[in-house]
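Every number in this text was worked out from the coordinates using simple rules, so none of it is lab data. Computed from a predicted model, the values in this text were never measured in an experiment. Note that each Cβ is placed from the backbone with ideal geometry, even for glycine, and that neighbours are counted across all protein chains shown.
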Amino acid sequence: MSAEETLILVKPDGVARGLTGEILRRVEAKGYRITDLRMLTASRELLAEHYEEHEGKPFFEPLLEFMSSGPVVAVRAEGNRVIEGFRSLAGATDPTAAAPGTIRGDLGRDWGVAVQQNLVHGSDSTLSAERELGLWFA
Ligand code: IDP
Ligand code: MG
């Protein structure tokens with residue numbers, strides 16, 4: 001049986017702040033395996049598909065703008081329960097509330113802008129992981 005896989009994104013704020021290495025270090029230190037990786041500036045089309053569940057929400061446009069504002073690092077990671085495990089490493093969506101010890105809690109903050117810049121994305125289910133890996137590693 002092959003191990004579970006997830007999509008991790010180091011968002012444009014993480015790349016711009018030079019935190020890619022620190023974030024991937026935490027993923028590897030936890031014991032997950034990085035099996036593919038690419039850096040790209042995502043198109044609006046890709047991001048609209050990636051975030052389709054959020055279409056119509058007030059932060060949708062700012063989110064697409066932010067996510068296409070610079071390069072991101074897309075990572076394919078694997079390991080048993082990696083989806084749940086990476087979400088736990090990442091911490092809560094709101095970086096102010098995210099627990100210390102998590103990526104967002106240790107490295108993120110509120111910048112007073114329309115969308116939370118919270119450093120990372122991680123798939124939230126096996127279904128989204130499969131769908132998102134297909135989008136980013138087509
Ligand atoms: P997640 O990244 O923790 O899974 P989602 O609810 O899927 O959070 O939201 C996607 C992204 O949209 C978040 O990571 C964050 O950047 C942004 N976001 C979500 N909710 C809000 C909000 O209420 N205000 C501002 N930005 C938000
Ligand atoms: Mg999400």
For the residue pair residue 93 and residue 39, what label-to-label distance in nm results when each label sits 7 Å from Cα along the Cα-to-beta-carbon direction?
-> 2.9 nm
Taking the simple approach of a point 7 Å from Cα along Cα-to-Cβ for both residue 137 and residue 115, what is their distance in nm?
-> 2.4 nm
Total formal charge among the other residues, if their Cβ is under 15 angstrom from that of residue 31, Lys/Arg +1 and Asp/Glu -1 | 0
Excluding residue 84 itself, what net charge comes from residues whose Cβ is under 11 Å from its Cβ, given Lys and Arg +1 and Asp and Glu -1?
-> 0
Which net charge results when you count Lys and Arg as +1 and Asp and Glu as -1 among the other residues whose beta-carbon is under 14 Å from that of residue 113?
-> -3
Per 10 Å bin, what is the whole-percent P(r) computed from every C-alpha pair distance within the chain?
-> 12, 46, 37, 5, 0
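Would you mind classifying segment 19-96 by shape? Square roots of the alpha carbon gyration tensor eigenvalues, ordered a ≥ b ≥ c; an a/c under 1.5 is rounded, otherwise it is prolate if a/b is larger than b/c and oblate if not. List each step's numbers first, then the result.
On the way: a/c = 1.97, a/b = 1.59, b/c = 1.24.
Here segment 19-96 falls in the prolate category.
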Select from 56, 14, 105 the residue whose mean-square fluctuation is largest in a Gaussian network model of the chain (Cα-Cα springs shorter than 10 Å).
-> 56
